[in-house]
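Chemist: After the structure tokens below, expect a handful of questions from me.
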Amino acid sequence: MLNPSKGYFNFAKYELGIRDSKDLIQAFLKLSDTINPLLIGDVYRRQGQIKMIAQKLLAYQDCTKSKKTIINFLCSDSGSHDYAINYKEAKELGLNVELANKNLNELINEWYEIISSELELNNPYNPIFELAESNSKSYEYIRVIMDSIKYGRKQFMSKGLFQKTMMMPGMSGQQISDNRSFEGWEKDAGK
């Protein structure tokens with residue numbers, strides 16, 4: 001099992017540039033007063049996962065600049081991994097892009113609608129709504145889709161069970177637990 005605090009220390013070392021062990025301990029104590037260090041470590045690891053997905057997406061692209069530079073910009077330097085870039089910025093970044101003609105643009109929009117439906121982009125993720133009529137519910141969410149003519153489709157899936165649990169005595173309300181049974185890539189045989 002991964003050590004959750006490893007991500008936090010890597011964040012402090014590599015993102016904040018703290019090298020001295022005494023300074024690392026001090027940073028850890030100071031930050032852990034306000035933010036759970038396990039949360040920071042989790043965010044750092046997820047950022048690595050996002051970069052891995054970006055590497056896979058760029059694997060077969062002919063880029064005019066370093067793929068590492070592009071990935072760092074999209075995943076870190078831009079401030080957000082979901083930073084939307086326009087055609088001009090994509091060219092400047094080194095991506096091999098071209099403007100779509102009217103016919104291609106219509107096809108892209110149709111494809112987007114299909115993917116949007118499959119990823120349920122118009123449905124807010126909220127376990128409370130999922131459990132509106134029951135105390136537990138199994139789920140399977142497609143979080144990422146990678147389609148390839150040559151290799152077919154791979155999907156990053158999250159599967160598990162949402163359950164309502166009662167709060168501790170003296171506390172009002174309910175808590176929802178997410179018992180994740182699977183999270184990873186699957187090949188979609190149907191696509």
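Chemist: Across segment 124-135, in residue order, what do the Karplus-derived ³J(HN,Hα) couplings come to in whole Hz, using 6.51 cos²θ - 1.76 cosθ + 1.60 with θ = phi - 60° and x for Gly and Pro?
Modeler: Taking θ as phi minus 60°, the curve returns x, 7, 8, x, 4, 5, 4, 9, 4, 10, 8, 8 Hz for segment 124-135.
Chemist: Give me the number: length gained by fully extending residue 99 to residue 174, i.e. 0.36 nm times residue separation minus the C-alpha to C-alpha distance, one decimal in nm.
Modeler: Result: 21.9 nm gained on full extension.
Chemist: Fewest first, what order do 166, 52, 157 take by the number of other Cβ atoms within 10 Å?
Modeler: Least crowded to most crowded, the residues run 166, 52, 157.
Chemist: Could you check the spin-label model distance between residue 86 and residue 116? Points 7 Å from the Cα along Cα→Cβ, value in nm.
Modeler: That separation, rounded to one decimal, is 2.1 nm.
Chemist: Let me ask another. Once both labels are modelled 7 Å past Cα along the beta-carbon direction, what's the residue 62-residue 19 spacing in nm?
Modeler: 4.2
Chemist: Please list 3J(HN,Hα) in residue order for segment 158-163, calculated via the Karplus relation 6.51 cos²θ - 1.76 cosθ + 1.60 where θ = phi - 60°; whole Hz, with x for glycine and proline.
Modeler: With coefficients 6.51, -1.76 and 1.60, one gets 10, 10, x, 9, 8, 9 Hz.
Chemist: Please state the shape class of segment 107-191: rounded when a/c is under 1.5, otherwise prolate if a/b exceeds b/c and oblate if not, all from the C-alpha gyration tensor.
Modeler: Prolate shape, in that a/c is at least 1.5 and a/b is the bigger ratio.
Chemist: Students often forget the sequence filter, so: which aspartates and glutamates lie under 16 Å Cα-Cα from residue 67 once same-chain residues fewer than 8 apart are removed?
Modeler: Leaving aside aspartates and glutamates fewer than 8 places away in the same chain, those within reach of residue 67 are 77, 89, 92.
Chemist: Under 18 Å from a point 7 Å along the Cα-to-Cβ line of residue 142: which residues of segment 41-59 have their amide N that close?
Modeler: Residues 57 qualify, since their backbone N sits under 18 Å from the label point.
Chemist: Residue 63's amide H: which non-local residues (gap 5+, or another chain) put their own amide H closer than 5 Å, with H modeled 1.01 Å from N in plane and none for Pro or chain starts?
Modeler: none
Chemist: Tell me which trypsin sites (Lys or Arg not before Pro) from segment 51-120 have a DSSP coil assignment and no more than 13 other beta carbons within 10 Å of their own.
Modeler: When the trypsin sites (Lys or Arg not before Pro) of segment 51-120 are filtered for loop state and at most 13 Cβ neighbours within 10 Å, 65 remain.
Chemist: Using θ = phi - 60° and the Karplus form 6.51 cos²θ - 1.76 cosθ + 1.60, what ³J(HN,Hα) does each residue of segment 45-54 get, whole Hz, x for Gly and Pro?
Modeler: 5, 5, 4, x, 5, 5, 5, 5, 5, 4
Chemist: Which of 68/187; 164/187; 102/187; 13/154; 22/68; 159/187 have a Cα-Cα distance over 22 Å?
Modeler: Where the Cα-Cα span goes over 22 Å, the pairs concerned are 68/187; 164/187; 102/187; 13/154; 22/68.
Chemist: Can you compute the charge dipole magnitude of the chain about its Cα centre, using +1 on each Lys and Arg Cβ and -1 on each Asp and Glu Cβ, nothing else charged? Give it in debye, rounded to the nearest 20.
Modeler: Rounded to the nearest 20 debye, it is 740 debye.
We did not get these values from a lab; they are worked out from the coordinates using the rules stated. Fair warning: this is a prediction, and the values are worked out from it, not measured in the lab. For neighbour counting, all protein chains shown are included, and Cβ atoms are generated from backbone atoms with ideal geometry for every residue, glycine included.
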